[in-house]
2 protein chains.
Amino acid sequence: MVDRAETPLNRRRFLSAAGLAGAGLATGALPSRAAEPDAAITDVQDWNRYLGEGVQAHPYGSPSKYEKNVVRRDVEWLTASRESSVNFTPLHALDGNVTPSGLAFERHHGGIADIDPAKHRLMIHGLVDKPLVFTMDDLKRFPGRVHKLYFLECAANSGMEWRGAQLNGCQFTHGMIHNVWYTGVSLRSLLEQAGVKTNAKWLLAEGGDASMMTRSIPLQKALDDCIIAWGMNGEALRPEQGYPVRLVVPGWEGNMWIKWLRRLELGDEPWQAREETSKYTDLLADGRSRRFTYIMDAKSVVTNPSPQAPLLHKGPNVLSGIAWSGRGRIERVDVSLDGGRNWRTARLEGPVLSRSMTRFYVDFDWDGRELLVQSRAMDETGYVQPTKNELRAVRGVNSIYHNNGVQTWFVHKNGETENVEIS
Amino acid sequence: MVDRAETPLNRRRFLSAAGLAGAGLATGALPSRAAEPDAAITDVQDWNRYLGEGVQAHPYGSPSKYEKNVVRRDVEWLTASRESSVNFTPLHALDGNVTPSGLAFERHHGGIADIDPAKHRLMIHGLVDKPLVFTMDDLKRFPGRVHKLYFLECAANSGMEWRGAQLNGCQFTHGMIHNVWYTGVSLRSLLEQAGVKTNAKWLLAEGGDASMMTRSIPLQKALDDCIIAWGMNGEALRPEQGYPVRLVVPGWEGNMWIKWLRRLELGDEPWQAREETSKYTDLLADGRSRRFTYIMDAKSVVTNPSPQAPLLHKGPNVLSGIAWSGRGRIERVDVSLDGGRNWRTARLEGPVLSRSMTRFYVDFDWDGRELLVQSRAMDETGYVQPTKNELRAVRGVNSIYHNNGVQTWFVHKNGETENVEIS
């Protein structure tokens, strides 16, 4: 292995160094090996000797059997029942910025409603000129269809970490999030058709599942950028994401994105529903609560390396992670390998969109020493992701909501990685 | 129904007209109904009476049972065996511009290779300074990881239509295409490590499947924008898309995007492999052939309405479709409802990226008369998608490749839609 001190981190410099020094020496440090005949090559490359499976086996395709461990997972002790529970996105096994639909975080309060789209109706009523009911067909032929990529993050994402490092894997510390494309119509256009009365200030959204989930949404947000969505990543919404129709509330906490949406009521004050009073208010150290804390502030996490994706090799490695902000675009992500003493700016790859996950990479050489890996997001408003201790100083540790502090992973000399706190 | 002549097509004008005329009259023409108590509403909205399925039922999620008809399909008579066959993307049932992995077009010549990624190797040899072999781990920690969205279109897409309208559904006429995100490293960076000799002009890519698919690629393209990709839409490549690693050749015909990639050989001339001589050359009317016709020219198709997605309602409707070009970005898409006499410019929604599918919409009112629906794409080079007859005048009808002519759908008075030719 080439020692880190001798190895330029920049690939272009590295490659031209290789050109100067001769291929034998310098290219040996990039991940590859000389093409000598060896058992690994001559023995195993015989896939072509066997006719593979044909096309009709896969009218709707699935991942390879070798990827069977890349699945959503719950944490058994977290909830009392499967019907009111959580399945976490396997962030450590994903790349890019769009979450595959089959691996997208799910949270239910009464199980997955089983709704026939032909019979489903969405009603708009309350403080409107003309109450309206929409079939799914009505929605799909409404003028002004939109297609947008947004992150949905549960307010309780990283909630177990307020009191210290708890869960060993970014799937569990940060996996209550997904980032998918939505197809639908703007909520504003439907409300305009119903005619919102001038005294209306709030909107109640109600789900058709067994929990009859309800949340109050300020009218200003409803008229701004909310979407009534029936599509997800190009196809129909998945059942666990609200099939046949859900509310999309960009940048705001996931609980408000009512699934299996059946009713929108206009009113002049919030409804004080269970999920915005006893839940989703943030208990402070002095016993008071923050309420209506809707916006998800800027946050990031390194997904590789992480406890479920340790470092396997010395030499060149690719560090990767995701960043997002409920207030707009991600402007920059910095990464530290030494617990926040030194930072380098990561490369953002792929689309950088408002209120959408952004992927970042840092190429680095690992010489086998211990690392304290962190990332820190900055959004277009100038907001900088705080440390966990900075957050605790202001908010205490009573809440389980809105923990967007900097995550630290400790990489051991053998490459194993664990969730740690640093002071 | 409001007659089309009386109904402004523009939604904003429409809505302000509604405001002036009173809600009762004008909003009735937008898709919705008054919220009167009726059997459909009071009888069926009882989903909330039943506890739904819990989270562990879906570690890797699937579509709703109500979407069971949204699947890839083959055309049984098209190929002699399942192992050398085609499954078509259900374009009429999709939206946005990214194809869901489970619904992405597949084409195999020896079935789906079953490859253990831990044992797979990719070799680079031939006219290089230093032959190299890469494990999957080597590739995944190679510096400079990229993440890109590109369309892959089979050169034979729409190939049955050269001699006239054949297949009744855009899934079959245009479904040999998908548009997905790729994670990988640039082919250039791997070739730079191996050191390409100055006399090298071509590159052979070979697959590890039973057909040992091989194609020759000009070195200039290999060094330009090709990707060695292991990821697709955020997760691992699907088996039918070349798991664990494939070649991505942006804008060029799909057959060159070698799947199950195991070998790259540098040489000084093309290899004249079966798939670039007896196949994938374009037989002209005079018996000569065009060869090395790699680039997929600009093309588009209306996906809704189309034979598998007829018009169901008079009044407001959303026309939707996709456009793409192997030469760059889509600049504009025009749509005609009367067989090309009058055109209106469609609205492009979502990202408009180079050599990537672009989604377009046109809101229109349908009064129940017959329509001849067409779309015509223009790309950033100024190229305009030709009519089929313009293509035939130049290329004849002997080839099954590179048919990018304008598609016509005939909408009957009852909304049923069929594939037709117009002179």
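The values are calculated or read from the model by the stated rules, or taken from the named source; none is laboratory data. Keep in mind it's a predicted model, so treat the numbers as computed, not measured. Methodologically, a virtual Cβ is constructed for each residue, glycine included, from the backbone with ideal geometry; neighbour enumeration extends over all protein chains shown.
Here the condition is being closer than 30 Å to residue A:403 by Cβ, of a type in the set (Ser, Thr, Tyr) and facing chain B (nearest Cβ under 8 Å); of A:81, A:158, A:62, it holds for A:81 alone.
Is it fair to say residue A:186 is among the polar types (S, T, N, Q) and over 22 Å from residue A:107 (Cβ atoms)? It is true that residue A:186 is among the polar types (S, T, N, Q) and over 22 Å from residue A:107 (Cβ atoms). Here B:340, B:315, B:415 are screened, and the one residue that is farther than 24 Å from residue B:172 by Cα and small (Gly, Ala, Ser) is B:315. Residues in region B:291-323 that are under 27 Å from residue B:204 (Cβ atoms) and either in contact (Cβ under 8 Å) with a residue 60 or more places away in the chain or outside any strand (DSSP E or B) (or both): B:291, B:292, B:293, B:294, B:296, B:297. For region A:217-242, the candidate set comprises residues that are on the phi < 0 side of the Ramachandran plot, assigned to a loop (DSSP other than H, G, I, E, B) and not charged (D, E, K, R); within that set, the residue that is surrounded by the fewest Cβ atoms within 10 Å (Cβ to Cβ) is A:226.
Output yes when any residue across region A:135-153 is within 18 Å of residue A:282 (Cα to Cα), more than 13 Å from chain B (Cβ to nearest Cβ) and not hydroxyl-bearing (Ser, Thr, Tyr), and no when none is. Checked region A:135-153: at least one residue is within 18 Å of residue A:282 (Cα to Cα), more than 13 Å from chain B (Cβ to nearest Cβ) and not hydroxyl-bearing (Ser, Thr, Tyr).
Residue count for region A:90-130 satisfying the condition of being facing chain B (nearest Cβ under 7 Å), farther than 30 Å from residue B:150 by Cα and touching a residue at least 24 places away in the same chain (Cβ under 8 Å): 13. Scanning region A:210-240 for residues that are in contact with a strand residue (DSSP E or B) (Cβ under 8 Å, 6 or more places away or on another chain) and at the interface with chain B (Cβ under 7 Å from one of its Cβ atoms) returns A:212, A:231, A:233, A:234, A:236, A:238, A:239, A:240. In the condition set (1) surrounded by fewer than 23 Cβ atoms within 10 Å (Cβ to Cβ); (2) under 25 Å from residue A:78 (Cα atoms); (3) of a type in the set (A, V, I, L, M, F, W, C), residue A:172 is compliant with all but (1). All conditions in (1) of a type outside the set (Ser, Thr, Tyr); (2) modelled with pLDDT of 95 or more; (3) surrounded by 21 or more Cβ atoms within 10 Å (Cβ to Cβ) hold for residue A:52, with the sole exception of (2). Within the span defined as region B:231-242, every residue fails to be under 24 Å from residue B:130 (Cβ atoms) and at pLDDT 95 or above.
At least 2 residues being closer than 17 Å to residue A:91 by Cα and in contact with a strand residue (DSSP E or B) (Cβ under 6 Å, 6 or more places away or on another chain) is the threshold, and among the strands (runs of 3 or more DSSP E) wholly inside region A:121-209 those reaching it are A:146-153, A:177-186. In this structure, residue B:364 qualifies as modelled with pLDDT of 95 or more, out of contact with any Asp or Glu (no Cβ under 9 Å at 6 or more places or on another chain) and either not charged (D, E, K, R) or not in a helix (DSSP H, G or I) (or both). Per the conditions (1) under 30 Å from residue A:316 (Cβ atoms); (2) of a type in the set (S, T, N, Q); (3) touching a Gly at 6+ places or on another chain (Cβ under 7 Å), the sole criterion not satisfied by residue B:135 is (3).
Within region B:175-204, the residues that satisfy the criterion of being surrounded by 21 or more Cβ atoms within 10 Å (Cβ to Cβ) and either away from every other protein chain (no Cβ under 14 Å) or among the aromatic types (Phe, Trp, Tyr) (or both) are B:181, B:182, B:203. Of all residues in region B:260-280, how many are touching a residue at least 60 places away in the same chain (Cβ under 8 Å) and in a loop (DSSP other than H, G, I, E, B)? Within region B:260-280, residues that are touching a residue at least 60 places away in the same chain (Cβ under 8 Å) and in a loop (DSSP other than H, G, I, E, B) number 7.
With respect to the stated conditions, residue A:60 is farther than 30 Å from residue A:354 by Cα, modelled with pLDDT of 90 or more, among the aromatic types (Phe, Trp, Tyr) and in a loop (DSSP other than H, G, I, E, B). Failed condition for residue B:263, given (1) basic (Lys, Arg); (2) surrounded by fewer than 24 Cβ atoms within 10 Å (Cβ to Cβ); (3) more than 14 Å from chain A (Cβ to nearest Cβ), with all others met? (3) is the only condition that residue B:263 fails.
Candidates in region B:74-120 are the residues that are among the basic types (Lys, Arg) and part of a loop (DSSP other than H, G, I, E, B); of these, the one that is nearest to residue B:416 (Cα to Cα) is B:82.
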